[in-house]
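The values are calculated or read from the model by the stated rules, or taken from the named source; none is laboratory data. Bear in mind the structure is a predicted one, so any value in this text is a computation, not a measurement. Counting neighbours? That spans all protein chains shown, and the Cβs are built from the backbone with ideal geometry, glycine included. All accessible areas refer to the heavy atoms of the entire protein, side chains included, with ligands and DNA or RNA removed. Shrake-Rupley method; radii C 1.70, N 1.55, O 1.52, S 1.80 Å.
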Amino acid sequence: PKGVNISKLVADVQRIKGRVDAIVVPDMDNGIVRMSALAAGVLARQEGLETIIHMYCRDKNRLALQGDALAAYVLGIPNIVVVHSDDMSQSDHREAKTVNDIDEIDLLEVISSLSGGKDMQGFELDGVPEFTTGCTIAPYGSDKELDLELELARKKIDAGASFVITPPVFDISSFTSFFEKAKVLGVPIIPTVFLIKSLAIAQYIANSEP
């Protein structure tokens with residue numbers, strides 16, 4: 001929610017619980033200020049639904065990212081997906097300064113290091129978390145773009161990603177073709193199910209996504 005009224009969030013979680021295995025909770029997509037993914041993920045977990053939270057490099061430095069990962073684990077969320085940060089062109093705070101202290105590959109390596117009991121500087125942790133960490137493949141508009149995304153996904157897997165989440169799937173035959181190429185990555189491929197809630201959302205996707 002954009003605010004602290006969690007009634008709709010809780011009601012929606014209760015409606016889909018038992019129908020899906022897990023939900024992905026984004027963290028201020030497009031630079032729109034909302035409740036953090038960590039808090040929303042905890043609320044969903046309290047309702048009995050498995051959650052996977054987004055982590056970006058856009059808004060936080062390496063200290064804050066490591067702190068958030070440790071906090072998520074302690075609060076019952078070991079599942080993290082490292083995603084590419086949306087630019088701020090659609091932000092409601094366009095004057096905000098981006099951070100990008102580290103990139104996606106770095107962040108995956110950091111989370112892997114935390115799972116090994118050390119922080120990014122090599123200092124030992126008091127208690128070792130066990131994360132399940134994944135990455136995403138960005139929407140693509142051509143075979144060449146897909147090949148570049150798969151090459152980048154391979155680097156993310158080498159850095160510690162153990163699953164890949166795809167762009168939203170609206171065409172099964174297109175996804176089948178994609179999957180034949182992506183399965184060589186050797187990790188689980190999780191298709192995204194995206195519910196189109198309005199005509200405006202459909203128009204945005206048609207006009208803005210590859």
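Looking only at region 154-170, which residues are farther than 11 Å from residue 191 by Cβ, in a loop (DSSP other than H, G, I, E, B) and open to solvent by 40 Å² or more (accessible area, probe 1.4 Å)? Give the steps one after another, and end with the answer.
Taking region 154-170 as the starting set, the residues that turn out to be farther than 11 Å from residue 191 by Cβ are 154-163.
From the residues that got through so far, the ones that are in a loop (DSSP other than H, G, I, E, B) too are 160-163.
Passing the criteria: only 162.
In region 145-161, what residues are within 14 Å of residue 181 (Cα to Cα) and touching a Leu at 6+ places or on another chain (Cβ under 9 Å)?
Residues of region 145-161 that are within 14 Å of residue 181 (Cα to Cα), as a first pass: 145-154.
Across region 145-161, the qualifying residues are 150, 153, 154.
Hey, can you tell me all the residues within region 24-41 that are in contact with a strand residue (DSSP E or B) (Cβ under 6 Å, 6 or more places away or on another chain) and either modelled with pLDDT of 95 or more or open to solvent by less than 40 Å² (accessible area, probe 1.4 Å) (or both)? Explain how you work it out, then say what you get.
Quick first cut of region 24-41, residues in contact with a strand residue (DSSP E or B) (Cβ under 6 Å, 6 or more places away or on another chain) only: 24-27, 37, 40-41.
Residues satisfying the conditions are 25, 27, 37, 40, 41.
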Seminar exercise, completed: Residue hits (region 187-210; open to solvent by 70 Å² or more (accessible area, probe 1.4 Å) and of a type in the set (Gly, Ala, Ser)) are 206
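Can you tell which of 189, 165 is in contact (Cβ under 8 Å) with a residue 24 or more places away in the chain and within 15 Å of residue 83 (Cβ to Cβ)?
On the way: 189 fails: within 15 Å of residue 83 (Cβ to Cβ).
Going through 189, 165 in turn, the sole match is 165.
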Exercise. Which condition number in (1) in a helix (DSSP H, G or I); (2) touching a residue at least 24 places away in the same chain (Cβ under 8 Å); (3) under 17 Å from the mean Cα position of the chain (by Cα) is the one that residue 139 fails?
Worked result: (1)
Problem set entry | Failed item, numbered, when residue 59 is tested on (1) more than 24 Å from residue 162 (Cβ to Cβ); (2) of a type in the set (Asp, Glu); (3) over 17 Å from the mean Cα position of the chain (by Cα) | (3)
Exercise. Which number in (1) free of Cβ contacts under 8 Å to residues at least 24 places away in the same chain; (2) surrounded by 14 or more Cβ atoms within 10 Å (Cβ to Cβ); (3) closer than 25 Å to residue 2 by Cα marks the one condition that residue 95 misses?
Worked result: (2)
Exercise. When you go through (1) surrounded by 14 or more Cβ atoms within 10 Å (Cβ to Cβ); (2) under 29 Å from residue 69 (Cβ atoms) one by one for residue 128, which number turns out not to apply?
Worked result: (1)
For this session: Report the residue count in region 78-107 for those that are more than 19 Å from the chain's Cα centre (by Cα) and aliphatic (A, V, I, L, M).
Result: 1
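Matching residues to (1) open to solvent by 40 Å² or more (accessible area, probe 1.4 Å); (2) touching a residue at least 60 places away in the same chain (Cβ under 8 Å); (3) part of a helix (DSSP H, G or I); (4) acidic (Asp, Glu):
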position: 12; (1), (2), (3), (4): yes, no, yes, yes
position: 15; (1), (2), (3), (4): yes, no, yes, no
position: 60; (1), (2), (3), (4): yes, no, no, no
position: 70; (1), (2), (3), (4): yes, no, yes, no
position: 80; (1), (2), (3), (4): no, no, no, no
position: 110; (1), (2), (3), (4): no, no, yes, no
For this session: Might you let me know whether region 168-181 holds any residue that is out of contact with any Phe, Trp or Tyr (no Cβ under 9 Å at 6 or more places or on another chain), touching a residue at least 40 places away in the same chain (Cβ under 8 Å) and either closer than 23 Å to residue 131 by Cβ or not β-branched (Val, Ile, Thr) (or both)?
Result: no
